[in-house]
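In what follows, a structure is listed as structure tokens, so that the remarks can point back to it.
Please treat every number below as a calculation from the coordinates, not as lab data. Because the structure is a prediction, the values reported are computed rather than measured. FYI the Cβ positions are ideal-geometry reconstructions off the backbone, even for glycines, and counts take in every protein chain you see.
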Amino acid sequence: MIQGITGRSARAFPSQPLEPPSDSSTPQPSEIMVSLKQVTKIYTNGCQALVDVNLQIRKGEFLFITGPSGSGKSTLLKLLYGEEQVNQGAIAVNGNLISNLRGNQLSMLRRQIGIVFQDYKLIPRRTVAENVAFVLWAQGFTRKEVHRRLQPALKMVGLQHKADCFPDQLSGGEQQRVSIARAVVNTPPLLLADEPTGNLDPDNSWQVIKILRKLNAMGITVVVTTHDEQLVRQSNHPVVQVHNGRLYRVQG
Ligand SMILES: Nc1ncnc2c1ncn2[C@@H]1O[C@H](COP(=O)(O)OP(=O)(O)OP(=O)(O)O)[C@@H](O)[C@H]1O
Ligand SMILES: [Mg+2]
């Protein structure tokens, strides 16, 4: 359950901004993967991207974040993996208060977060296998461990047979699947996907969502931003909507 979200409602446009959870519905801290409390983000040019946002995501949830362009979806994810900092409020990920983390500690937290971007961000001169293994090498995994993890990750996204291809030899859908394999090869407990289907046709989009659901079924908490209303409707997961920097419940 996402705290503060109850019942189903029209997806047209929202009612109440999400409030902090009441005491009676507060889950144990150990059950919470992500917590935002009264978070406001104002960029240095004065742009108010998020205003007083409250959200709790339990471990094991699959949450969609929707909203118009410029509403603050990517900003919310960037705050979660520490690429941007809040101006007010507090964010905790897997029990770690992000604003308290610096340098090495932030790097350690990031290892607990897999990230998938709309534009894949693969290294062009590396093969599929190397792109995925790169994360493990960077984190000091042994050769044996890299070998042990690589094939299952590629299998999970159906791309074992493309292990030796370069990114420009793959379709968009395949490149996105490589980026998912890369995001989860070190088995992070949290996966953030920012518009992972934004460049894909409906078939490939659905394939990506199916993989994300499979990862969720394995216990990974998944947070996905998307513009794709149909995809959200079909998949029947909880949804929050960002509008002008505020967060609203849509479906949950
Ligand atoms: N680095 C930045 N500096 C200043 N303003 C920014 C910065 N990044 C984003 N913004 C502004 O913050 C607001 C929210 O941007 P954000 O990228 O979070 O929106 P979004 O919902 O992800 O949009 P889209 O659907 O187009 O990806 C926008 O008004 C945007 O112009
Ligand atoms: Mg965005």
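For segment 35-125, rounded, prolate or oblate, judged on the Cα gyration tensor with a ≥ b ≥ c (square roots of eigenvalues), a/c < 1.5 rounded, else prolate if a/b > b/c?
Here segment 35-125 falls in the rounded category.
Using the Cα centre of the chain as origin and beta-carbon charges of +1 (Lys, Arg) and -1 (Asp, Glu), tell me which of Pro124, Ala138, Ser35 is placed farthest towards the positive end of the dipole.
Value computed over the given set: Ala138.
Given Cα pairs under 8 Å that are at least 6 residues apart, what percent is the relative contact order of segment 34-81?
This gives 31 percent for segment 34-81.
For n ≥ 4 DSSP H runs only, could you compute -39500 (n - 2.57) per run for the chain, divide by its residues and tell me the 222 nm figure to the nearest 500?
Theoretical 222 nm ellipticity from helices: -9000 deg cm²/dmol.
Gain in length, Gln169 to Cys47, computed as 0.36 nm per residue apart minus the alpha-carbon separation, to one decimal in nm?
Difference between extended and current length: 40.0 nm.
Which order do peptides 116-126, 149-159 fall in by mean Cβ count within 10 Å, highest first?
149-159, 116-126
Could you tell me the relative contact order of the chain? Use alpha-carbon pairs under 8 Å, at least six residues apart, and round to a whole percent.
Reported as a whole number, the value is 30 percent.
Positive end of the dipole of segment 161-252, charges at C-beta (+1 Lys, Arg; -1 Asp, Glu), about the Cα centre: which of Gly245, Ile180, Val208 has its Cα farthest in that direction?
Farthest towards the positive end: Gly245.
For segment 173-232, give the magnitude of the charge dipole about the Cα centre (Cβ charges: +1 Lys/Arg, -1 Asp/Glu; no others), in debye to the nearest 20.
The calculation lands at about 380 debye.
Pick from Gly70, Gly173, Gly219: which residue has the top mean-square fluctuation in a GNM of the chain where Cα pairs under 10 Å get a spring?
Largest GNM mean-square fluctuation: Gly70.
Let me spell out the model: positive unit charges on the Cβ of Lys and Arg, negative unit charges on the Cβ of Asp and Glu, origin at the Cα centre of the chain. What dipole size does that give, in debye rounded to 20?
For this selection, approximately 620 debye.
Specify, per residue and in Å³, the volume enclosed by the convex hull of the alpha carbon atoms belonging to the chain.
Each residue corresponds to 131 Å³ of Cα convex hull volume.
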